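Everything on this sheet refers to the single structure shown next.
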Amino acid sequence: MTPKEIKSALLQSDLRKFLEDLIPNGTVEGNYFSVGSVNGEEGKSLKVRIAGDPLGVWGDFSNSNKGDIFELIMLVKGIGFKECLEFVSEYLELPETYKPEFVRTSSRNYSIPVIPVRSGEDRVLQYLRGRGLSDDTIQKFRISSSGYNFTDGVAIPSVVFPFYDRDNNLRLVKYLGIERPNGQRFISASGNSQPRLFGWQALDRTARTLIITKGEIEAMSFYQLGFNVLATPFGEGKGKHGWLEFEYEDLEPFEEIIIHADNDMPGHATVQELSPKLGMHRCKFIYGSPIQGLKDVNDALLVGVTKEQMQKWLLTAKSCDPDALKQATAFVDDVISRFHDPSYRNKGYPFPIPSWENQVRIRMGELSIWTGLSACGKSQFIGQTALHLADFGVKSLIASLEMHASTVIGRLLCQKYAIEVPSVDQIKEGAEWMSDKILFYDRIGNVKLEDLTTVLVYAIKKFGVNFIVLDSLMKFGIHSEDYQGTQDFIDALQNLAKQYWVHIALVAHSRKKDETDNMSRLDIKGSSVLGDLPELIIAMQRNRKKEHDIQALMYTSNPELLQAIEHLKVNEHDAVISCVKQRNGTGAEPVAKCYFDPSTQLYREMS
């Protein structure tokens, strides 16, 4: 449940009884619960509204403190905001937030870093003070100093930035050289360390609004000006937010998150990638510096920006809520690209078919259907595609509802190593390689889309999944002739793909037909909307005639017939993979004839 939902549940409960349990010495007078102070003394200085509007607000007339019901709980119990939400949820016996378990091929073991022995402290302090940072700020973030060998040779005096998790466990250490030989900036990090946000050690645990920025110096500048902030460990840009997997639960309680970034392409990519994963309903974004002409907040700190100026600037942060109604001018750049940018049509990720490189792409925000007769190789090819996409940094989730996850993983390992039986070492090595690239939904049988969607959204937000395989349609309990049910199902998948900017690949069987006939989008088994609505449709066909001809000739010792078998193997295709619909991009519908190796499960395009 969100903080807003938990608060609403509390205010709609027996608020008087809750306050009597929270502060036993209080009394009730009319619409107010009165007590001496948050420490529970007898008296009437502190009053909480328990009837009428606004419910739950309070004020202590002895010291002018005031706030809402959550702030009162935190003061009375001496706890942080996350603990406050947990306390109220437990008191009201609210259902826990659903957190699905994933089958992951392995769990990576990270090393615990150590803070190096201090050296060069005076020079590092001088450097940090030169960036406008106070000694108090430096101490709050537990900054230290050390010599660090960024390259072979003499150690460079370096700022040591410690990254702790919310529970005060050291997870990562970064080094920033304060000297720049030949103008080169030196930054390094402890090896095999868990990626985390910087700044938990200085964060006010009662904070309900959080700023996420890039860079440790920037975070310390925000803090010094009076704001709650954490910094990303490895800067800005697409695919640099692996820390989210480890910080997801601890970021859940914040009611508002302001993403601060540079006003450039990596900064924009950061906002675009983080906001849907952190929750667009609570995210805002702001770029650059509160002072025009300066690059960032640290530059503003150096010229004397005030907290009031910062607050006024942060009020201009823009909401990340979806804006469905837009003027044509909002699309000008995109329309220009469609007509004048040669690379526009090739946006997205390529298939493992070389001839399709400039013709068909897997695009985010789209739904594709992969169809063909039963046992035609759809699942093998889609698995090969997921492995291929991993080379481009695309994370996949495979929901194979017809096959156990271990079977799917085994097939992927055969494809990865191009081998019929992977060795024990290859299985372990391959599983480790897959651990942060492919997740598996380990359920066999029918599933409700609503239940699966909960898992998918969680995987997208926490693990950064952006290629989702649903294998197959018949496991979602939709009757083949249920037109409306099928349309609602496809609409839901397309909305999910667009909202979270992922690609969803749905496997669907085709109607029984002569396997020598060409496939079309009309051959998908079920309602006609399956061929009408998706942006992309891929069709698979096995060359059964070749298989039957080879089978008929196999038990011969005739040299001429044996030669005929070899000729068939080399010159005839094993499968045809066709793009039978492509709404975006080039609109091309190419056909590829491929060899298939049953021992490795791999498809290879014929030259």
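The values are calculated or read from the model by the stated rules, or taken from the named source; none is laboratory data. What you are looking at is a predicted structure, and each value in this text was computed from that prediction instead of being measured. Ideal geometry is used to build each Cβ from the backbone, glycine not excepted, and the neighbour counts take in all protein chains shown.
See the values below:
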read-out: Index of the failed condition, Gly59 passing every other in (1) surrounded by 13 or more Cβ atoms within 10 Å (Cβ to Cβ); (2) of a type outside the set (A, V, I, L, M, F, W, C); (3) under 20 Å from Pro253 (Cβ atoms); value: (3)
read-out: Residue among Gln139, Gln184 that is without any contact (Cβ under 8 Å) to a residue 12 or more places away in the chain, within 30 Å of Tyr248 (Cα to Cα) and not acidic (Asp, Glu); value: Gln139
read-out: From Asn543, Asn571, Asn558, residue being surrounded by 19 or more Cβ atoms within 10 Å (Cβ to Cβ) and more than 21 Å from Val469 (Cβ to Cβ); value: Asn543
read-out: Some residue of segment 355-374 being modelled with pLDDT under 90, in a loop (DSSP other than H, G, I, E, B), of a type in the set (Ser, Thr, Tyr) and outside the structural domain of Ile460 (by TED's automatic domain parsing); value: no
read-out: Top-ranked residue in segment 263-306 [being closer than 18 Å to Phe222 by Cα, in contact (Cβ under 8 Å) with a residue 60 or more places away in the chain and of a type in the set (A, V, I, L, M); ranked as surrounded by the most Cβ atoms within 10 Å (Cβ to Cβ)]; value: Val297
read-out: Checking Asp574 against (1) in contact with a helix residue (DSSP H, G or I) (Cβ under 9 Å, 6 or more places away or on another chain); (2) more than 15 Å from Ile353 (Cβ to Cβ), the condition it does not meet; value: (2)
read-out: Helices (runs of 4 or more DSSP H) (entirely within segment 249-340) containing at least 3 residues that are within 18 Å of the chain's Cα centre (by Cα); value: 265-278
read-out: Qualifying positions in segment 415-443 - closer than 18 Å to Gln380 by Cα, in contact with a strand residue (DSSP E or B) (Cβ under 8 Å, 6 or more places away or on another chain) and not aromatic (Phe, Trp, Tyr); value: Gln415, Ala418, Lys437, Ile438, Leu439, Asp442
read-out: Failed item in (1) more than 26 Å from Thr2 (Cα to Cα); (2) in contact (Cβ under 8 Å) with a residue 12 or more places away in the chain; (3) not in a helix (DSSP H, G or I), with Ile212 passing the rest; value: (1)
read-out: Qualifying positions in segment 118-148 - in a loop (DSSP other than H, G, I, E, B) and among the polar types (S, T, N, Q); value: Ser119, Ser134
read-out: Members of segment 445-483 that are more than 12 Å from Lys395 (Cα to Cα) and in contact with a Ser or Thr (Cβ under 6 Å, 6 or more places away or on another chain); value: Asp471, Ile478, Tyr483
read-out: Candidates Gly130, Gly120, Gly147 - the one that is farther than 30 Å from Ile438 by Cα and modelled with pLDDT of 95 or more; value: Gly130
read-out: Filtered residue count, segment 221-254, keeping only those that are of a type outside the set (Phe, Trp, Tyr), over 19 Å from Pro195 (Cβ atoms) and at pLDDT 95 or above; value: 5
read-out: Pair list, Cβ under 7 Å, 6 or more apart: segment 391-409 residue without any contact (Cβ under 8 Å) to a residue 24 or more places away in the chain, other residue surrounded by 14 or more Cβ atoms within 10 Å (Cβ to Cβ); value: none
read-out: Residue within segment 86-104 that is outside any loop (DSSP other than H, G, I, E, B), closer than 22 Å to Leu230 by Cβ, of a type in the set (Asp, Glu) and at pLDDT 95 or above present; value: no
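Here's the yes/no breakdown for (1) farther than 13 Å from Val114 by Cα; (2) outside the structural domain of Ala231 (by TED's automatic domain parsing); (3) surrounded by 11 or more Cβ atoms within 10 Å (Cβ to Cβ); (4) under 30 Å from the mean Cα position of the chain (by Cα):
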| position | (1), (2), (3), (4) |
| --- | --- |
| Gly132 | yes, no, yes, no |
| Gln139 | yes, no, no, no |
| Phe150 | yes, no, yes, no |
| Val159 | yes, no, yes, no |
| Pro162 | no, no, yes, yes |
| Asn168 | yes, no, no, yes |
| Tyr175 | no, no, yes, yes |
| Gln184 | yes, no, no, no |
| Ser190 | no, no, yes, yes |
